[in-house]
1. Give me 228, 1 sorted ascending by neighbouring Cβ count inside 10 Å, so fewest comes first.
2. Relative contact order for segment 52-197: what percent, with Cα pairs under 8 Å and sequence separation of 6 or more?
3. Let me have the relative contact order for the chain, percent, based on Cα pairs under 8 Å that are six or more residues apart.
4. Estimate the FRET efficiency between residue 191 and residue 104 by the formula 1/(1 + (r/R0)^6), using the beta-carbon distance for r and 30 Å for R0, to the nearest 0.05.
5. What order do you get for 140, 205 when you list them from fewest to most C-beta neighbours inside 10 Å?
6. Which angle between 0 and 90 degrees, to the nearest 10, do you get for helix 253-262 versus the longest principal axis of the chain when only C-alpha atoms count?
7. Considering the chain as a Gaussian network with a 10 Å cut-off on Cα pairs, which listed residue, 161, 229, 38, attains the greatest mean-square fluctuation?
8. Out of every Cα pair in segment 22-142, what percent are spaced more than 27 Å from each other?
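Readers should treat all values here as calculations from the given coordinates under stated rules, not as data from a laboratory. Note that the structure is a prediction, hence the values are computed from the model and not measured. When we count neighbours, we look across all protein chains shown, and the Cβ atoms used for this are built from the backbone with ideal geometry, even at glycine.
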């Protein structure tokens, strides 16, 4: 099954971001992908953290979710909307949510980012908890490919990548593919992005697909990019350093089985 990570450099305008996301989804469909995953904050990277509150949507309604559902249905794709802000009932707090749409246009899974990023190096400062409410539950869904094969897909977002226990739990539940839509900073991305993605793939014997924000944004922020697809042996199958575009590759059931058979580390767990 061919899959694609969509790299963006989202701006401060919702409509423009949705148009670019739709164009990338169309490109993924034209390239033969069955699953296309957008990055974290694909619909908006505002001037301030609070800007996302102005576009938050109730679950099941709103222009962002309508675009995702329509694209999935019209393009006959599994679409994962990297993250968008969903309402909590508190106007000052939103959930940073990843939504999965089937080719029928139905929302079949929702994951709310569990771990909220905090970082201060004296030049850049982030504290997502100021406007975001954390999720509580890991989420997986079953994807049935066009050839009839089923894949167990696990959801996560960006900073979650630093918490291996989340992914170990997914591996115990039979995850084949780990999704990590992200918007990594340059300092943390340069130091840790690739090594963390490859580690999560290797230790859990699973494919990892990580679509990222990558480039200079309208608000002056620069994100690390380097969207990539990693196989269960830790091999980077495709990568895009910066700028808008696709990262793609094929999930191979035989490759997954071979890695797990040759090195059955998942069966050797003690703790």
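1. Values: 228 26, 1 20.
Fewest to most other Cβ atoms nearby, the residues stand as 1, 228.
2. Values: 258 pairs, mean separation 23.9, N = 146.
Contact order relative to length: 16 percent.
3. On the way: 656 pairs, mean separation 54.8, N = 271.
Relative contact order here is 20 percent.
4. Values: r = 41 Å, r/R0 = 1.38.
For residue 191 and residue 104, the calculated efficiency is 0.15.
5. Working: 140 19, 205 22.
In order of increasing Cβ crowding within 10 Å: 140, 205.
6. 60
7. 161
8. Details: 1475 of 7260 pairs.
Considering segment 22-142, 20 percent of its Cα-Cα pairs are separated by more than 27 Å.
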